[in-house]
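The values are calculated or read from the model by the stated rules, or taken from the named source; none is laboratory data. Note that the structure is a prediction, hence the values are computed from the model and not measured. Note that each Cβ is placed from the backbone with ideal geometry, even for glycine, and that neighbours are counted across all protein chains shown.
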Amino acid sequence: MLVDRVGVKRNDLVSGDKLVLRPLIGLMDGLKPDEIEPFVVEEIEKHRRLRDEAVRIESLLDTETDQTELTENRRAYISAMIAVHAQQTVVSTLLDVLGYIPEISKTTPH
């Protein structure tokens with residue numbers, strides 16, 4: 001079993017349990033749903049923008065022939081996917097706090 005520098009077992013960090021961002025739960029504590037919903041919508045839209053950027057970068061990986069560019073694009077793609085997954089945790093936590101999926105304008109660019 002792998003153990004990180006502070007003694008936490010890595011299997012405890014990557015488990016079947018859902019990851020939540022407790023600070024976000026605290027920030028939303030005491031707010032009414034109509035006060036929380038705009039934050040949720042904003043973070044969902046941000047997630048969509050990050051996802052779209054990751055997809056764009058991924059498409060460059062399929063067409064690039066120069067090894068240096070390919071390496072740079074691969075690093076950019078990994079970085080973009082880190083941002084996508086981190087943002088997904090934000091969205092998931094806020095959706096749990098809100099308790100429902102809000103309506104999001106279809107005309108909102110993402």
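Miscellaneous remarks
- Annotation: of all residues in the range 60-78 being under 30 Å from Leu24 (Cα atoms) and surrounded by 13 or more Cβ atoms within 10 Å (Cβ to Cβ), the one that is farthest from the chain's Cα centre (by Cα) is Ala76.
- Checking Val84, Val97, Val91 one by one, the residue that is modelled with pLDDT of 90 or more and farther than 15 Å from Glu37 by Cβ is Val84 and no other.
- Residues in the range 7-27 that are among the small types (Gly, Ala, Ser) and at pLDDT 50 or above: Gly16, Gly26.
- Which numbered condition Thr68 misses (of (1) modelled with pLDDT under 95; (2) β-branched (Val, Ile, Thr); (3) assigned to a loop (DSSP other than H, G, I, E, B)): (3)
- Selection from the range 14-40 of residues that are farther than 23 Å from Ile104 by Cα and part of a helix (DSSP H, G or I): Arg22, Pro23, Gly26
- For the range 41-59, the criterion of being part of a helix (DSSP H, G or I), of a type outside the set (A, V, I, L, M, F, W, C), surrounded by 12 or more Cβ atoms within 10 Å (Cβ to Cβ) and in contact with an Asp or Glu (Cβ under 8 Å, 6 or more places away or on another chain) is met by no residue.
- With respect to (1) assigned to a helix (DSSP H, G or I); (2) in contact with an Asp or Glu (Cβ under 8 Å, 6 or more places away or on another chain), the lone exception for Ser92 is condition (2).
- Taking the criterion of being over 10 Å from the mean Cα position of the chain (by Cα) and within 18 Å of Pro23 (Cα to Cα), the residues of the range 79-105 that qualify are Thr93, Leu94, Leu95, Asp96, Val97, Leu98, Gly99.
- A Cβ distance below 6 Å, combined with a sequence gap of six or more or placement on separate chains, defines the contacts here; from the range 51-62, residues that are under 20 Å from Val91 (Cβ atoms) reach residues that are surrounded by 15 or more Cβ atoms within 10 Å (Cβ to Cβ) and of a type outside the set (Lys, Arg) in the pairs Arg51/Val84; Glu53/Ala80; Ala54/Ala80; Ala54/Met81; Ala54/Val84.
- Complete set of residues in the range 85-108 that are farther than 17 Å from Leu27 by Cβ and in contact with a helix residue (DSSP H, G or I) (Cβ under 7 Å, 6 or more places away or on another chain): Gln88, Ile101, Pro102, Ile104, Thr108
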